[in-house]
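Below is one structure, written out as structure tokens, with a few remarks after it.
The values are calculated or read from the model by the stated rules, or taken from the named source; none is laboratory data. On a predicted model such as this, the values are computed, not experimentally measured, just so you know. Here Cβ is always computed from backbone atoms with ideal geometry, including for glycine, and neighbour counts include all displayed protein chains.
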Amino acid sequence: MRIARFSRDDEVAYGVVQDASPDGAGGGGPAPDGEGLLVAQLHGHPFGVGTGSVRFTGASYPLPEVRLLAPVLPTKVIAIGQNYADHAREMGGEPPAEPVIFLKPSTAVTGPGDPVARPVKLSERVDYEGELAVVIGRLCRDVPAERVPEVIFGYTCANDVTARDLQARDGQWTRAKGFDTFCPLGPWIETDLDPADLQLTTSVNGEVKQQARTSQLLHDITALVRYVTAVMTLLPGDVLLTGTPAGVGPLVHGDSVAVTIEGIGTLVNRVVDRD
């Protein structure tokens, strides 16, 4: 099930993205422009009720007639650094023995189609980092491996935008990772997905820059959820970024950056300069 958050006529709602065919069944993947898709509006939000218990309002809209928003507004975004060996090495280090955790503020979250703003007065290099994101579905802490699937609501695409020069200068990552718009998420949450071996591709202006499979993660999703929840309580809607592969690079004003993940879809954002 593809769960989207959207706005229409100044109303914000959740909905299920479906093919426009009579049975609403999923087909060969969503069209890039949303043609042939509908969003069926839900009562309230889907967290805590289970995807089998969502309640429809009866209203539905062609997807191109609504504005997709970030599919979730998390209380926190927990990110994992250097979780692909090739990326750890391209950053000048060796793969870490344990997951490296950092946080991005909730105010960094933005949605599909929204601009990514480069803070040009503070940073001379802003990089893309395409990632698979895990959306948490229930309050949890100290989750054992066998119960990890119970706390995951679904998966979406993410871009862990980073001011690379500030990351190097500061010696820690909060400022570099924390600017407004530095955490695009979307286009929706896919709840019925095996994340073990998915193709991840990041392109800039149509040119492929990153390509990897989630089977190459140093620490898989079960290990990450166990590790993070041993440290902190996760709440419904919190987001876990699982790491980026090699191929990170700079963005400039006017670039269009796209993160595509097999079985989910494509998250597209345009880059603008912010004074």
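Reported count of residues in region 82-107, each being surrounded by fewer than 20 Cβ atoms within 10 Å (Cβ to Cβ), within 15 Å of the chain's Cα centre (by Cα) and not β-branched (Val, Ile, Thr), is 3.
Applying the set (1) touching a residue at least 40 places away in the same chain (Cβ under 8 Å); (2) farther than 14 Å from LYS177 by Cα; (3) part of a strand (DSSP E or B) to GLY58 leaves exactly one unmet item: (1). Checked against (1) of a type in the set (A, V, I, L, M, F, W, C); (2) free of Cβ contacts under 8 Å to residues at least 24 places away in the same chain; (3) touching a Lys or Arg at 6+ places or on another chain (Cβ under 8 Å), LEU68 passes all but a single condition, namely (2). For ARG175, which of the numbered conditions (1) surrounded by fewer than 19 Cβ atoms within 10 Å (Cβ to Cβ); (2) farther than 27 Å from ASP142 by Cβ; (3) in contact (Cβ under 8 Å) with a residue 40 or more places away in the chain fails to hold? The single condition ARG175 does not satisfy is (3).
Criterion applied to LEU103, LEU132 was being in the same structural domain as ALA168 (by TED's automatic domain parsing), touching a Cys at 6+ places or on another chain (Cβ under 8 Å) and in a strand (DSSP E or B), and the one residue passing it is LEU132. State yes or no: is LYS121 farther than 20 Å from GLN82 by Cα and either in contact with a Gly (Cβ under 9 Å, 6 or more places away or on another chain) or assigned to a loop (DSSP other than H, G, I, E, B) (or both)? The answer is yes for LYS121. Limited to region 19-63, what total is found for residues that are modelled with pLDDT of 95 or more, within 22 Å of the chain's Cα centre (by Cα) and not hydrophobic (A, V, I, L, M, F, W, C)? So the count comes out to 1. How about region 201-239: which of its residues are part of a strand (DSSP E or B) and either in contact with a Leu (Cβ under 6 Å, 6 or more places away or on another chain) or not assigned by TED's automatic domain parsing to the domain that holds VAL126 (or both)? Result: ALA212, single match.
Taking region 147-165 as the range and being more than 17 Å from the chain's Cα centre (by Cα) and assigned to a strand (DSSP E or B) as the test, only ALA163 passes. Within region 223-275, the residues that satisfy the criterion of being over 23 Å from VAL134 (Cα atoms) and either surrounded by 19 or more Cβ atoms within 10 Å (Cβ to Cβ) or among the hydrophobic types (A, V, I, L, M, F, W, C) (or both) are LEU251, VAL252, VAL271, VAL272. Could you tell me how many of the residues in region 178-200 are small (Gly, Ala, Ser) and either surrounded by 24 or more Cβ atoms within 10 Å (Cβ to Cβ) or outside the structural domain of THR260 (by TED's automatic domain parsing) (or both)? Within region 178-200, residues that are small (Gly, Ala, Ser) and either surrounded by 24 or more Cβ atoms within 10 Å (Cβ to Cβ) or outside the structural domain of THR260 (by TED's automatic domain parsing) (or both) number 1. Scanning region 76-94 for residues that are closer than 27 Å to LEU234 by Cα and charged (D, E, K, R) turns up just one, LYS76. Condition check for ILE80 on (1) part of a strand (DSSP E or B); (2) aliphatic (A, V, I, L, M); (3) touching an Asp or Glu at 6+ places or on another chain (Cβ under 8 Å): one failure, at (3).
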